[in-house]
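*Asks:* Have a look at the structure that comes next, please.
The values are calculated or read from the model by the stated rules, or taken from the named source; none is laboratory data. Remember, it's a predicted structure, so these values are computed and weren't measured experimentally. Reconstructed Cβ throughout: ideal geometry from the backbone, glycine too, with neighbour counts over all protein chains shown. Protein only, heavy atoms only, side chains kept; ligands, DNA and RNA dropped before computing areas. Shrake-Rupley method; radii C 1.70, N 1.55, O 1.52, S 1.80 Å.
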Amino acid sequence: MTLRFAYNTNGAANHRLDDAIHLIKAAGYDGVALTLDIHHLDPFAETWAAEAGRVASLLEKLELACVIETGARFLLDPTAKHEPTLVTADAAGRARRVGFLKRAVEIGAMLSAEAVSFWAGVPKPGVDHGEARRRLAEGLHEVAAFAEQAGVVPCLEPEPGMLIETLDDFTALSVPGLKLALDTGHCLVTGERDPAEAVREFADRIGTVAIEDMKRGSHIHLPFGEGDMDVPGVLGALEEINFGKLVCVELSRESHRADMMIPQALDYLRGCRRPGPVLATEQETRRQWQ
């Protein structure tokens with residue numbers, strides 16, 4: 001089958017949302033991974049619903065699918081990155097995060113998104129992890145139930161350093177309707193699994209996939225060809241499981257050159273192939289880009 005690719009707007013943070021979407025379309029992507037943020041469809045703006053409707057119309061016009069991402073750094077608290085979270089001790093803070101995720105689900109429904117992706121959060125020092133898991137479970141059940149009613153697929157992303165950071169951590173959860181947001185690069189960071197093997201193992205639980213290059217043990221999103229990711233191997237595994245949803249390129253540190261990286265990333269992914277169904281080797285692909 002033919003894989004479908006998207007580009008995450010957190011890698012186009014210096015562009016207006018419409019300009020970023022048009023760049024993604026012009027490069028030849030099949031969709032957009034839309035990270036809700038203060039400047040990209042702000043979910044807390046008074047006009048959020050009208051803006052969501054406008055963006056939905058634009059995506060439909062351009063024939064682009066989408067995934068909703070929720071990893072904006074300072075959207076909820078301008079003084080603390082990524083806070084509050086689903087494991088924050090303060091109940092009001094957790095409620096604010098849950099409210100944001102519900103709003104993301106509402107926007108996802110308006111945009112006919114394939115999935116809404118989110119993560120658990122980092123427990124503060126000294127916090128009992130058992131209590132943190134209880135808080136997390138409470139929030140996950142509420143968000144997943146809301147998503148089910150809205151007809152949207154909720155996906156939790158294991159994130160290095162967070163309470164849920166590995167695929168085994170995800171497996172230990174028991175939340176009806178919750179799917180896996182698999183960032184293949186994170187497997188290299190934690191060293192838990194080979195990324196391609198993770199794709200195969202969790203084939204029936206994956207709701208959305210992110211791809212980028214990374215070095216083993218280092219949580220830095222890198223352009224393709226600069227890390228240790230066997231990109232052709234991951235693409236081959238996705239084809240093996242007949243993954244039909246968007247495969248989202250996440251280069252959150254490349255906004256300063258998004259005009260170049262958006263098309264280059266897709267060119268690289270396409271370059272991972274020879275004519276026909278056989279994947280090129282990673283070594284061959286890297287040589288083409290040197």
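*Asks:* Kindly indicate the residue of segment 207-220 that is open to solvent by 10 Å² or more (accessible area, probe 1.4 Å) and without any contact (Cβ under 8 Å) to a residue 40 or more places away in the chain and also nearest to Thr9 (Cα to Cα) among those meeting that condition.
*Replies:* By that ranking, first place goes to Ile220.
*Asks:* Let me ask something else. Quick one: would you say Gly108 is closer than 23 Å to Ile38 by Cβ and in contact with an Asp or Glu (Cβ under 9 Å, 6 or more places away or on another chain)?
*Replies:* yes
*Asks:* Okay, next question. Right, Val152: among the β-branched types (Val, Ile, Thr) and either over 25 Å from Ala33 (Cβ atoms) or open to solvent by 70 Å² or more (accessible area, probe 1.4 Å) (or both) or not?
*Replies:* Criteria not met by Val152.
*Asks:* Would you please name the residue that is nearest to Gln264 (Cα to Cα), looking only at residues in segment 168-220 that are assigned to a loop (DSSP other than H, G, I, E, B) and either modelled with pLDDT under 95 or among the charged types (D, E, K, R) (or both)?
*Replies:* Looking at the filtered set, the residue picked out is Glu212.
*Asks:* Of everything in segment 250-290 that's over 22 Å from Thr2 (Cα atoms), assigned to a loop (DSSP other than H, G, I, E, B) and open to solvent by 30 Å² or more (accessible area, probe 1.4 Å), which residue is modelled with the highest pLDDT?
*Replies:* This residue is Arg253.
*Asks:* Thr47 fails exactly one of the following numbered conditions: (1) more than 23 Å from Leu251 (Cα to Cα); (2) surrounded by 19 or more Cβ atoms within 10 Å (Cβ to Cβ); (3) among the β-branched types (Val, Ile, Thr). What is the number of that condition?
*Replies:* All conditions pass for Thr47, except number (2).
*Asks:* Find all pairs meeting these conditions: Cβ atoms under 8 angstrom apart; at least six residues apart or on different chains; first residue within segment 136-149 and under 13 Å from Gly121 (Cβ atoms) and at pLDDT below 95; second residue in a helix (DSSP H, G or I) and open to solvent by 60 Å² or more (accessible area, probe 1.4 Å).
*Replies:* Listed pairs, sorted by first residue: none to list.
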